[in-house]
Amino acid sequence: MLIVFSDLDGSLLDHDTYDWTPARPALAALRDDGIPLVLVSSKTLAELEDYRQQLDLRHPVVAENGAVIDVPADYFPGSMELPEREMTRAELQAVYEEVKRAYDFECEAFCELGVAGIMHATGLTKEQAMRANDRQASEPVLWLDTEERAGQFEQEMHARGLRCIMGGRFLHVMGNTSKEEAVHRLLHGYAHKWPGRVLTSVSLGDGPNDLGMLASTDIAVVIKGKHEHRMILDSQNRVLRPASPGPAGWNEAILAILAEQQDNRITAQSNGG
């Protein structure tokens, strides 16, 4: 049984247009086979609810790089332990402003950009930008300073108990949560949901903030990203790197994995007979 975890921006969604339609064949195939697709994103829960509706998904979602997990009612047997929120967004913003002032970093957080600034930086509509700014436990930062100074910024945040994760467009300031931790929690839930089944986990992502998630699943699909960061995986899992970027590469990889799974089932049935 496959369980698929996917990043959105730059992976299932085109980096520039946010279009997912090139992945429509693979999405339909997952739906037809009853395979869960769990969205795991830096986006907010409000944004993910919109994509849940667009993609007709009835599965858990992971928002704000693992800080928020939303599970539909009665989806898993019993209760599920969800990540504790160590710091509110207001508290994160206070730490960010303190560090920015102390070292005169050149950057702008969502709280400084406002809805108009978020629209300009992302190409989102006003309504979409408002959903993107509806955050509970993280603060995206548009980094305008040098890469060396980014390292210093991360060190200062770490000294104050916070993490910095680089996404496709923004540096995300957050507490001690992660995409990979959320994936582990959900896989534990699926193991209890379907006891006795052999589960094969698949993750797809394009950015540095996806590396932990990619390393934590049986199959990792590294989508070509529009950034200069090297996507190096040290884990022993299987790694696929589709030729096409964005949703076209996503579609290519999922269809290939599904075809292989089908071939394996036919071979097993043939050997058993």
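Please state which one of Gln155, Gln128 is assigned to a helix (DSSP H, G or I), open to solvent by 30 Å² or more (accessible area, probe 1.4 Å), of a type in the set (S, T, N, Q) and farther than 23 Å from Ser6 by Cα.
After ruling out the rest, the residue left standing is Gln155.
Within the range 51-77, which residues are assigned to a helix (DSSP H, G or I) and either under 20 Å from Leu211 (Cβ atoms) or in contact with a Pro (Cβ under 9 Å, 6 or more places away or on another chain) (or both)?
Result: Glu64, Asn65, Gly66.
Across the range 1-40, which residue is modelled with the lowest pLDDT among those that are of a type in the set (Gly, Ala, Ser) and within 15 Å of the chain's Cα centre (by Cα)?
Looking at the filtered set, the residue picked out is Gly10.
Given the residues Glu252, Glu260, which is the only one that is of a type in the set (Asp, Glu), over 21 Å from Ile165 (Cβ atoms) and touching a Pro at 6+ places or on another chain (Cβ under 8 Å)?
So the residue among Glu252, Glu260 that is of a type in the set (Asp, Glu), over 21 Å from Ile165 (Cβ atoms) and touching a Pro at 6+ places or on another chain (Cβ under 8 Å) is Glu252.
Being among the polar types (S, T, N, Q), surrounded by fewer than 17 Cβ atoms within 10 Å (Cβ to Cβ), modelled with pLDDT under 90 and not in a helix (DSSP H, G or I) narrows it down to one residue among Gln262, Gln236; which is it?
From the options Gln262, Gln236, the qualifying one is Gln236.
Within the range 78-90, does at least one residue satisfy the condition of being of a type in the set (A, V, I, L, M), closer than 27 Å to Ala182 by Cβ and either out of contact with any strand residue (DSSP E or B) (no Cβ under 9 Å at 6 or more places or on another chain) or not in a loop (DSSP other than H, G, I, E, B) (or both)?
Within the range 78-90, one or more residues are of a type in the set (A, V, I, L, M), closer than 27 Å to Ala182 by Cβ and either out of contact with any strand residue (DSSP E or B) (no Cβ under 9 Å at 6 or more places or on another chain) or not in a loop (DSSP other than H, G, I, E, B) (or both).
For a quick check of your reading of the model, give me the residue pairs whose first member lies in the range 36-50 and is under 22 Å from Arg163 (Cβ atoms), whose second is among the basic types (Lys, Arg) and open to solvent by less than 10 Å² (accessible area, probe 1.4 Å), with beta-carbon atoms closer than 8 Å and at least 6 apart or on different chains.
Val40/Lys179
For the list (1) surrounded by fewer than 18 Cβ atoms within 10 Å (Cβ to Cβ); (2) touching a helix residue (DSSP H, G or I) at 6+ places or on another chain (Cβ under 8 Å); (3) not hydrophobic (A, V, I, L, M, F, W, C), I need the number of the one condition that Pro140 fails.
The failed condition is (1).
Restricting to the range 12-49, give me the number of residues that are open to solvent by less than 40 Å² (accessible area, probe 1.4 Å) and of a type in the set (D, E, K, R).
Residues flagged as open to solvent by less than 40 Å² (accessible area, probe 1.4 Å) and of a type in the set (D, E, K, R) within the range 12-49 amount to 2.
Does Leu204 satisfy being closer than 30 Å to Glu147 by Cα, of a type in the set (A, V, I, L, M, F, W, C) and without any contact (Cβ under 8 Å) to a residue 24 or more places away in the chain?
Considered against the rule, which asks whether it is closer than 30 Å to Glu147 by Cα, of a type in the set (A, V, I, L, M, F, W, C) and without any contact (Cβ under 8 Å) to a residue 24 or more places away in the chain, Leu204 comes out as no.
So which residues in the range 186-210 are surrounded by fewer than 22 Cβ atoms within 10 Å (Cβ to Cβ) and either in a helix (DSSP H, G or I) or in contact with a His (Cβ under 8 Å, 6 or more places away or on another chain) (or both), if there are any at all?
Leu187, His188, Gly189, Tyr190, Ala191, His192, Lys193, Pro208
Just wondering, is there one or more residues in the range 90-108 that are within 24 Å of Gly10 (Cα to Cα) and open to solvent by less than 10 Å² (accessible area, probe 1.4 Å)?
yes
Find all pairs meeting these conditions: Cβ atoms under 6 angstrom apart; at least six residues apart or on different chains; first residue within the range 130-149 and under 15 Å from Leu113 (Cβ atoms); second residue open to solvent by 50 Å² or more (accessible area, probe 1.4 Å).
Filtered contacts from the range 130-149: Leu142/Glu108; Leu144/Glu106.
For Gln54, work out the one condition from (1) of a type in the set (S, T, N, Q); (2) in contact (Cβ under 8 Å) with a residue 60 or more places away in the chain; (3) surrounded by fewer than 17 Cβ atoms within 10 Å (Cβ to Cβ) it doesn't fulfil.
It fails just one condition, (2).
Taking the conditions exactly as written (surrounded by 13 or more Cβ atoms within 10 Å (Cβ to Cβ) and either over 14 Å from the mean Cα position of the chain (by Cα) or over 18 Å from Pro60 (Cβ atoms) (or both)), does Met231 satisfy them or not?
Yes, satisfied.
Can you go through Ala73, Ala67 and tell me which one is more than 17 Å from Glu181 (Cβ to Cβ) and at pLDDT below 95?
Ala73
The values are calculated or read from the model by the stated rules, or taken from the named source; none is laboratory data. Since we're looking at a predicted model, the values are computed, not measured. Note: ideal-geometry Cβ built from the backbone for every residue, glycine included; neighbour counts use all protein chains shown. Heads up: the accessible areas ignore ligands, DNA and RNA and are worked out on the full protein's heavy atoms, side chains in. Shrake-Rupley method; radii C 1.70, N 1.55, O 1.52, S 1.80 Å.
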